[in-house]
Structure formats: C-alpha cells, structure tokens
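In what follows, a single structure is set out as structure tokens and then discussed.
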Amino acid sequence: MQKVTLLHNSSPEELTEKILKGVDEKLNQLKENFQPKKPTEYLTRTEAKELLKVNLSTLYKWTKQGKLKAYGIGNRVYYKRHEIELIMIPLKY
C-alpha cells in the first residue's frame, strides 16, 4: 500500500522545503547505519608467520590441525588476516 500526501495551498517553496527535509532525514539515517565493507586482506605464509611470530612448520601444523584455514591459488597459500585475529583467545591467569 502506498502513502499518499495531498498538498493543498502549498507554494512551490513549501513543497521544495518538505522534499528536502525528507531527503535530509533519509541521508542522516543512511549515514548512521552505513558501514563500508573492508576488502579482505590476504597474507602469504611468510607474512602470517611473521604476524604470529612462529616458524613455517608451526603454521603448517596449525593449518593441518584446523586451527587456521588456508586459501590457495595454484601452488600459493594465503591466510585471511581477520581470521588469524579471530583465533586469538584471551588467556586467564
């Protein structure tokens, strides 16, 4: 069902003002709710091991154990940075 607005005795200026007010409200709502999508950052094995401060054999072991998920193109292996950051858990001492 569509909303219908009847305009009686409205000048063009008043009509323009009402339209601009509605557009401003919608733009403000969009600004509040808009979250730009960040592009996925892929890391090579070397970059991932340097980020985690481990050696390649540990990185390979964690991948085989399912702790890290690897992605590949051809014979190249990549890791998603945000997935590496998500696997980090807080320690309780």
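Given the criteria of a type outside the set (Asp, Glu), free of Cβ contacts under 8 Å to residues at least 60 places away in the same chain and assigned to a helix (DSSP H, G or I), does residue 27 qualify? Against the criterion (of a type outside the set (Asp, Glu), free of Cβ contacts under 8 Å to residues at least 60 places away in the same chain and assigned to a helix (DSSP H, G or I)), residue 27 qualifies. Residues in segment 64-90 that are touching a helix residue (DSSP H, G or I) at 6+ places or on another chain (Cβ under 8 Å) and of a type in the set (A, V, I, L, M) were compared, and the one that is farthest from residue 42 (Cα to Cα) is 68. Looking at 63, 40, which one is modelled with pLDDT of 95 or more, of a type outside the set (Gly, Ala, Ser) and within 21 Å of residue 88 (Cβ to Cβ)? Residue meeting the stated conditions: 63.
Beta carbons closer than 6 Å, at least 6 apart along the sequence or on distinct chains, pair a first residue in segment 68-93 that is in contact (Cβ under 8 Å) with a residue 40 or more places away in the chain and surrounded by 10 or more Cβ atoms within 10 Å (Cβ to Cβ) with a second that is of a type outside the set (Lys, Arg) and outside any strand (DSSP E or B) for 80/40; 81/41.
Counting the residues of segment 27-45 that are out of contact with any helix residue (DSSP H, G or I) (no Cβ under 8 Å at 6 or more places or on another chain) and either of a type in the set (Ser, Thr, Tyr) or surrounded by fewer than 10 Cβ atoms within 10 Å (Cβ to Cβ) (or both) gives 11. The number of residues in segment 46-76 that are among the aliphatic types (A, V, I, L, M), more than 15 Å from residue 87 (Cα to Cα) and assigned to a strand (DSSP E or B) comes to 1.
The values are calculated or read from the model by the stated rules, or taken from the named source; none is laboratory data. As the structure is a prediction and not an experimental result, all values here were calculated from the model. Positions of Cβ are backbone-derived with ideal geometry, glycine not excepted, and every protein chain shown enters the neighbour counts.
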